[in-house]
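First up is the structure itself, then whatever we jot down about it.
The values are calculated or read from the model by the stated rules, or taken from the named source; none is laboratory data. Keep in mind that this is a model prediction, so the values were computed, not measured. Neighbour counts are summed over all protein chains in view; Cβ atoms, including those assigned to glycine, are modelled from backbone coordinates with ideal geometry. For accessibility, only protein heavy atoms count, side chains too; no ligands or nucleic acids. Shrake-Rupley method; radii C 1.70, N 1.55, O 1.52, S 1.80 Å.
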Amino acid sequence: MGFVVTIVGLGVIGASLGLALKDSPLVEELIGVDPQDHVGKEAVALGAVRRTEKLEAGIENADVVFLCCPLERLEEVIKQAAPVLKPGAVVTDVGSVKQVVMEWFRRWLPGGVYGIGGHPMAGSERTGLAGADRYLFENAVYVLVLPPGTPSGPFETLSQLISCTGAKIITMDAAQHDRLVATASHLPHLAAVALVNQAGKAPEALGLAGGGFRDTTRVASSNPAMWEEIFMFNREAVLDQLDGFIGELNRLRGYIAAADRQRLRQELQAAQALRESVPRGARGALPSACEIITVVLDRPGVIGYLGTVLGEGGINIVDIEILRVREGDGGTIRLGVPSVEDGEKAVKLLRDQGIKAWMR
Ligand SMILES: NC(=O)C1=CN([C@@H]2O[C@H](COP(=O)(O)OP(=O)(O)OC[C@H]3O[C@@H](n4cnc5c(N)ncnc54)[C@H](O)[C@@H]3O)[C@@H](O)[C@H]2O)C=CC1
Ligand SMILES: O=C(O)C(=O)Cc1ccc(O)cc1
């Protein structure tokens, strides 16, 4: 017998979870809840959930409930769900901030119902069901926050389900989570917003924006409502990070104003070395696979062709990223493969086909 799983909120994250879980033998029933009727219908049509229900009917028999609504709605959903949940049920959320959610769980959930905080470190610039992706969590870090005294059973159940999505689970406490995401996710988002708005003061500059601008500002296209909530629910840690960042900018400004080339160069070199030490070839904090860079012609089907060449040679591509595209000319693609031996073999296979390739 598998678990009855209910997903509350069928947007990008909820529907992606549903798509990733739907074929798991661990899942006996997959129920969706969303206040927007059309969203529920579309989620069923997409196969993200098998049926939809109102909140109470949807969760009363659930073994595991994933709360995937906006943070702003979460406390009222927890309050409404609390009296209906069956003893032993596991309730988890996907919110980008954890201290406040753990406090809501503590305050509202009855004894015998286990509230475990969750945060998949993967997302999308898109909003709603249209952004759902069955592979969104593949290889992504998924943080779980366990209240003190949580028995192993609920944690095991939740971990088993999350593992079906291909995500890698790590646990930490809520305060540490909020500090770390302020650094790794929330501050970078603000920096992207500031960069775009600064460039917007000279719109003709946007016409010159190349890969660097796109790389550093991609996330500024994300859902403003969601990010506004995140900044409000993680104010303290975000302010702390902003202060540090403003300090960094001011220091750089000082070196440039004083034409202090030596100190400026030291800063640039320190950043280069640190950036290079961040594992690539994997999402988040996971170990790096071996990386290959290939330069290919800009023509339809070229990525499929790379896949075929390597696939026929028995090489599994575990990660792929388009680094640069020069329209009408060509593109640079990064491929992750499982080992150095695979990398050496892949480079040879590609070169045999006349494709430029090297290991990075
Ligand atoms: N989008 C992203 O990149 C990521 C988002 N998250 C977190 O996931 C949560 C959801 O984000 P998205 O899926 O992007 O949002 P979304 O806007 O795509 O979807 C939210 C869904 O929740 C539904 N909803 C609203 N009020 C509800 C209620 N009272 N009960 C049930 N459903 C309700 C909406 O109708 C909508 O379908 C947020 O808390 C966010 O912090 C976490 C990681 C990444
Ligand atoms: O698009 C990206 O790269 C993201 O970083 C998405 C994201 C947004 C919010 C989160 O809480 C976690 C991940």
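Listing for the model above:
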read-out	value
Spin-label pair Glu344/His38, simplified geometry with 7 Å Cα→Cβ offset, distance in nm	5.8
11 Å beta-carbon shell around Gly343, net charge (K/R +1, D/E -1)	-1
Charge context of Gln241, other residues only, Cβ under 14 angstrom, K/R +1, D/E -1	-3
Label-reachable residues, the stretch 136-172, where backbone N falls under 20 Å from a point 7 Å from Glu28's Cα toward its Cβ	153-164
Cα gyration tensor, the stretch 177-257 - rounded (a/c under 1.5), prolate or oblate	oblate
Under 19 Å from the Arg107 label point (7 Å along Cα→beta-carbon), backbone N, the stretch 24-46	none
Calculated FRET value between Gln160 and Glu125, using beta carbons and R₀ = 30 Å, to 0.05	0.50
Solvent-accessible surface ranking, highest first, for Ser152, Ser159 at 1.4 angstrom	Ser152, Ser159
Between helix 261-277 and the chain: long-axis angle, C-alpha atoms, 0 to 90°, nearest 10	50
Sparse-neighbour loop sites [trypsin sites (Lys or Arg not before Pro); the stretch 181-244; at most 16 other C-beta within 10 Å; DSSP]	Lys201
222 nm mean residue ellipticity, helices alone, for the chain (DSSP H n ≥ 4; -39,500 (n - 2.57); rounded to 500)	-14000 deg cm²/dmol
Kirkwood Rh and Cα Rg combined as Rg/Rh, the stretch 3-172	0.92
Reduced Cα scattering model of the chain, Debye log10 I(q)/I(0), q = 0.08 Å⁻¹	-0.49
Net charge of neighbours whose Cβ lies under 14 Å from the Cβ of Glu72, counting Lys and Arg as +1 and Asp and Glu as -1	-3
Two-site label geometry, Tyr135 and Ala270: point separation in nm, points 7 Å out along Cα→Cβ	3.9
Pairwise FRET efficiency - Val318 versus Glu56, Cβ, R0 = 35 Å, nearest 0.05	0.25
P(r), alpha carbons of the stretch 131-204 - 5 Å bins starting at zero, rounded %	3, 13, 15, 15, 17, 14, 8, 6, 4, 3, 1, 0
Rounded if a/c under 1.5, otherwise prolate or oblate - the stretch 290-359, Cα gyration tensor axes	prolate
Using alpha-carbon coordinates, inclination of helix 37-46 to the longest axis of the chain, degrees	70
Protein-only accessible surface order, largest first, of Lys356, Lys345, Lys86 at 1.4 Å	Lys356, Lys345, Lys86
Using a Förster distance of 45 Å, the FRET efficiency for Ile256-Leu297 (Cβ separation, nearest 0.05)	0.65
Distance in nm between pseudo-label sites at Leu206 and Ser152 (7 Å out along the Cβ direction from Cα)	5.6
Dipole moment magnitude, nearest 20 debye, the chain about Cα centre, only Lys, Arg, Asp, Glu C-beta charged	900
Degrees separating the helix 224-233 axis from the principal Cα axis of the chain, which is the longest one	70
